[in-house]
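A quick write-up on the structure given underneath.
What follows is calculated from the coordinates using simple rules that are stated; it is not laboratory data. Owing to the predicted nature of the structure, the values given are computational and were not obtained by experimental measurement. Positions of Cβ are generated from backbone atoms using ideal geometry, with glycine treated the same way; all protein chains shown enter the neighbour counts.
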Amino acid sequence: MELEWRRADFLYASLLYRLENEFKTLFQRVEKPIFVTSCGPSLDFRLKGGEKMANILLIYTGGTIGMVSEGCMQRLRPFNFDRLLDRVGEIQQLNCRIDFQSFAKPIDSSDIKPKHWVQLAEIIEKNYHQYDGFVVLHGSDTLAYSASVLSFMLENLSKPVVFTGSQLPIGAIRTDAKENLITAIQIAAMREGDAPLIQEVGLCFAHKLLRANRSTKINTTCFEAFDSPHFSPLVEAGIGLRVNKRSLLRNRKALVVHKELDTRIALVKFFPGINPAFLEAVFVNTAVRGVLLETYGSGNATTEKWFLKWLKKGLDKGLRMVDVSQCVGGSVALGRYETSRHMKDLGVVSGWDITTESALAKMMLLLPRCRSAAAFKEKFERPIAGELSPN
Ligand code: ASP
């Protein structure tokens, strides 16, 4: 197991910190409440003193948030978790108890693999009943992929799993890391009565909590690195936390964790001049089991005979094909134009307004679970975890 279990006793840690001033983790219990205000139709959420203190498990996988620069080129590489926590003394002021686990070897998220997603799901499964919420620190590059996959792996979630990261390392001047980490913990700790307020996988970045499987990375340099073009933020953090309560998922069933993922998937982005030989290779001559067609506008692609021929051959041999749009806004509408009617007639599945990241994740989960093309289509075209809106 690549994980290292690090558990701090808060009172003991705080005592040690004061006495020795060299204990590296700064988590401790304080009596200050988190005050959260609202406006408009959103929920007015306030955690009063005396209410049950939330137990949060913080899981560190790597990413810029915990990186340090080294060498004359100032190249960023993942660093050890203890040093990361050293920089966020503000955590002491949060009215929750925090334990943490870290990947033994933190990674840049460009190195994330399905085995890491399974590890994350297993940590959450194993600790599900001991904690009220989970915060996952993750690099921003593949954050939307990981968070989307986890939203499907953790079926019937009734606790928050909040992914966050940052554009600048936590030690940098003007870092966004502290803000993101503190907001993520506050959101994971929000309660409504006895239950956690957020009961789904979210992505917290730049003052917003987005539904994980609706999010996409849109910027490499701005702090607002993520957007959720088809779905409003679940929470907006200003002076208080404004919760869009009507959009929150609710669930009463027991958690089911799916760990089987099929990654034999191809992503084909259409462009004028796309080569027939390439599509033949992807659709016919491979071990690929699912293809995501990233098409133009409302789901359109060329009507050239060779395309229809390879498309039919691929579908006949059992490939699952899903149509998602290259556009940031709007939805796939198969059959609206002649240029998508042939795909609809042949059995291509509509991704509606799903993001590419989320469609890949959903396909990885559904390929092993749906034996027939009809079962796959039926499951894919309906939301499982709020990831799409069929028209
Ligand atoms: N390359 C980094 C990563 O994804 C970028 C970041 O964390 O923002 O791990």
Quiz prompt | Calculated FRET value between Cys222 and Lys313, using beta carbons and R₀ = 51 Å, to 0.05 | solution = 0.70
Quiz item: In whole angstrom, how far apart do the alpha carbon centroids of the stretch 117-166 and the stretch 246-310 sit?
Solution: 24
Quiz prompt | Spin-label pair Arg264/Ser69, simplified geometry with 7 Å Cα→Cβ offset, distance in nm | solution = 4.6
Quiz item: Using modelled amide H (1.01 Å from N, peptide plane; none on Pro or chain starts), what sits under 5 Å from the amide H of Tyr60, excluding residues fewer than 5 places away?
Solution: Gln101, Ser102, Phe103, Leu137
Quiz prompt | Pairs beyond 25 Å (Cα-Cα), from Lys253/Lys317; Lys217/Lys309; Lys159/Lys362 | solution = Lys253/Lys317; Lys217/Lys309
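Under 13 Å from the Cβ of Glu338, count the other residues' Cβ atoms, weight Lys and Arg +1, Asp and Glu -1, and hand me the total.
Combined, the nearby Lys, Arg, Asp and Glu give +1.
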Quiz item: Along the principal axes of its C-alpha atoms, what lengths does the stretch 125-263 span, in descending order and rounded to whole Å?
Solution: 43, 40, 30
Quiz item: With Cβ to Cβ distances under 14 Å as the rule, what net charge do the other residues near Ala287 carry (K, R +1; D, E -1)?
Solution: +3
Quiz prompt | Relative contact order [Cα under 8 Å, 6+ residues apart], the stretch 265-380, whole percent | solution = 25
